[in-house]
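This report concerns only the one structure given below.
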Amino acid sequence: GLWPWLDPLTAIRAVHAARSQITNLKLLFPGTRLPNPTMSGIRTLLPEAQALVKSLDMENVVFFGDWMPYGDWPNALLEADVALTLHIDSLETRLAFRSRVLDYIWAGLPTIATAGDATSDLVLKYGLGAVVPQQNADAVANAIVELVQAGRPLPGSDVERARRELSWDVVIQ
């Protein structure tokens, strides 16, 4: 995401660094604007992200898309190698539950999450990927390389248990 409470700039810097080991690495931001028209006044970090991409000469590496139809989202997740959920420390990020991570779990997608919230707790509890310090592009780059090389499903992860314990039937109870 490109919202001010998230951390897209660290993701871009990390992909730039990780490309020294994974030359075909790409980064996709699948939504560049808030989908709810009543929230259109909220600023995004799109201009800053685009400027960083240009300064790093990564126009063919980092892509800024529009919201895809929900029916296409599962295929996008199944094609991906790693998911990122990076944020800066704020009240919103400490209290929010990023439900897209449940989609990552469904897809068995190794996930890199910033430490300090419920999302990173899930990644640790079920061994779903890596938890990294806030705004640490080197740690994110190292995690990208490790997780891509480890493959999918991630060895040692407990994705099946996560899927069971986080299913609607269980959660609703």
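The values are calculated or read from the model by the stated rules, or taken from the named source; none is laboratory data. Quick caveat: nothing in here was measured; it's all calculated off a predicted structure. We place every Cβ from the backbone using ideal geometry, glycine too, and count neighbours over all the protein chains shown. The area values use the complete protein model at the heavy-atom level, side chains included, leaving out ligands, DNA and RNA. Shrake-Rupley method; radii C 1.70, N 1.55, O 1.52, S 1.80 Å.
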Notebook entry, point to check: Considering Leu6, Leu28, Leu34, which residue is free of Cβ contacts under 8 Å to residues at least 60 places away in the same chain, aliphatic (A, V, I, L, M) and open to solvent by less than 80 Å² (accessible area, probe 1.4 Å)?
Noted result: Leu34
Item checked: The lone exception for Ser40 - which of (1) more than 17 Å from Ile144 (Cα to Cα); (2) within 18 Å of the chain's Cα centre (by Cα) it fails -> (2)
Margin query: Please return the ranges of strands (runs of 3 or more DSSP E) entirely within segment 60-147 where 3 or more residues are over 13 Å from the mean Cα position of the chain (by Cα) and in contact (Cβ under 8 Å) with a residue 24 or more places away in the chain.
Written below: 62-64
Check: Being within 27 Å of Glu165 (Cβ to Cβ), aromatic (Phe, Trp, Tyr), at pLDDT 95 or above and open to solvent by less than 70 Å² (accessible area, probe 1.4 Å), is that true of even one residue in segment 120-134?
Finding: yes
Notebook entry, point to check: So which residues in segment 44-59 are outside any loop (DSSP other than H, G, I, E, B), farther than 19 Å from Trp5 by Cα and not aliphatic (A, V, I, L, M), if there are any at all?
Noted result: Lys54, Ser55
Next item on the list: Report, by residue number, each residue of segment 78-96 that is farther than 14 Å from Phe29 by Cα and of a type in the set (A, V, I, L, M, F, W, C).
Entry: Leu78, Ile88, Leu91, Leu95, Ala96
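Is it the case that Gly108 is open to solvent by less than 20 Å² (accessible area, probe 1.4 Å), of a type in the set (Gly, Ala, Ser), at pLDDT below 95 and out of contact with any strand residue (DSSP E or B) (no Cβ under 9 Å at 6 or more places or on another chain)?
On the way: open to solvent by less than 20 Å² (accessible area, probe 1.4 Å): yes; of a type in the set (Gly, Ala, Ser): yes; at pLDDT below 95: yes; out of contact with any strand residue (DSSP E or B) (no Cβ under 9 Å at 6 or more places or on another chain): yes.
Yes; evaluated as a whole, the condition is true for this residue.
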Next item on the list: Those residues that are at pLDDT 90 or above and open to solvent by less than 10 Å² (accessible area, probe 1.4 Å), I need them from segment 78-100; list them, please.
Entry: Ala83, Thr85, His87
